[in-house]
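Enquirer: The following block contains the structure, expressed as structure tokens.
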Amino acid sequence: MVRKNWWKLAPQKSIQSETGNGRSDKLNPVLPPSSHLIDLRQVVKTYHSSAGDFTALKGIDLTAEAGEFLAIIGKSGSGKSTL
């Protein structure tokens, strides 16, 4: 089953702030430009077995900012789930 508009199902977070006039306004949280939600550098994953070692990921860099949507695509066995 595929859900249409699945991104609308995720709860939206906001913060409350008191303004000078005493009323409360909803604000979207603002992160500093250098803040990353996900920041991976030179990720390596090697599986060890009796048949030998298999490196599924090698030298992977990934940066995701808050609010970004990412899709990891690739061939079967390319390491998407491992990542």
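The values are calculated or read from the model by the stated rules, or taken from the named source; none is laboratory data. Predicted model, so just to flag it, every value in this text is computed and none were measured. We place every Cβ from the backbone using ideal geometry, glycine too, and count neighbours over all the protein chains shown.
Enquirer: Between a residue in region 60-80 that is on the phi > 0 side of the Ramachandran plot and any residue that is not in a loop (DSSP other than H, G, I, E, B), which pairs come within a Cβ distance under 7 Å, given they are 6 or more apart or on different chains?
Expert: Pairs that qualify, where the first residue is on the phi > 0 side of the Ramachandran plot and the partner is not in a loop (DSSP other than H, G, I, E, B), are Gly79/Ala56; Gly79/Leu57.
Enquirer: Quick check: anything in region 48-62 part of a loop (DSSP other than H, G, I, E, B) and modelled with pLDDT under 90?
Expert: There is no residue in region 48-62 that is part of a loop (DSSP other than H, G, I, E, B) and modelled with pLDDT under 90.
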